[in-house]
């Protein structure tokens, strides 16, 4: 691998081919040892940034990294997630990778040091990527729940704006409730659909 390889759309600089095997050995050990030893979303985010930083293949690293992420999610009893979709979500994804990669970036162009990489991972900020994974999980759980309710409870979804109007919410308010996970909804085409019974109850004073 050329040490000057660059990742399209991101600032991550992979290590030169000479050190890729060391990085990948570390990655395999990290995933095996940490799978159940820390907060699951935090672990998922860290291993994903680590893999994408190593960038071990000439092509297909993003897809491979997301497949590994979803394999780990499914292994942990969760549904898979989609981290990249439209252009806006791609930008969020790359920014999240760069936030985590910033502490690893300085280590990729020098000889591999297990201790340095371990310390960098421990100090890594992956909050943005955690948020993206969490949002992807919530969206998928909502899809699963709504499909069950449609099939078993025979509820009929309606456009979110119509549901909001019936509940005295403005279009902006209903979109905000959906984006914050306060209203279970599913996007079909370009429009959100939900049902009056899918507004989550709020605790008083919150």
Notebook entry, point to check: Are any residues in the stretch 36-65 out of contact with any helix residue (DSSP H, G or I) (no Cβ under 8 Å at 6 or more places or on another chain) and in a helix (DSSP H, G or I), and if so, which ones?
Noted result: 40, 63
Margin query: Take residue 83 and tell me if it is under 26 Å from residue 181 (Cβ atoms), in a helix (DSSP H, G or I), touching a residue at least 40 places away in the same chain (Cβ under 8 Å) and outside the structural domain of residue 186 (by TED's automatic domain parsing).
Written below: no
Note to self: Name the residue that is farthest from the chain's Cα centre (by Cα), counting only residues in the stretch 36-58 that are more than 18 Å from residue 119 (Cα to Cα) and surrounded by fewer than 21 Cβ atoms within 10 Å (Cβ to Cβ).
What the structure shows: 58
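Yes/no per residue for (1) in a helix (DSSP H, G or I); (2) within 21 Å of the chain's Cα centre (by Cα); (3) in the same structural domain as residue 99 (by TED's automatic domain parsing):
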{"residue": "120", "(1), (2), (3)": "yes, yes, yes"}
{"residue": "130", "(1), (2), (3)": "yes, yes, yes"}
{"residue": "142", "(1), (2), (3)": "yes, yes, no"}
{"residue": "145", "(1), (2), (3)": "yes, yes, no"}
{"residue": "161", "(1), (2), (3)": "yes, no, no"}
{"residue": "164", "(1), (2), (3)": "yes, no, no"}
{"residue": "178", "(1), (2), (3)": "yes, yes, no"}
{"residue": "187", "(1), (2), (3)": "no, yes, no"}
{"residue": "193", "(1), (2), (3)": "no, no, no"}
Notebook entry, point to check: Could you say which residue among 188, 138 is in contact (Cβ under 8 Å) with a residue 40 or more places away in the chain and surrounded by fewer than 18 Cβ atoms within 10 Å (Cβ to Cβ)?
Noted result: 138
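The values are calculated or read from the model by the stated rules, or taken from the named source; none is laboratory data. These numbers were taken from a predicted model, which means no experiment stands behind them. Using ideal geometry, Cβ is built from the backbone for each residue, glycine included, and neighbour counts are taken over all protein chains shown.
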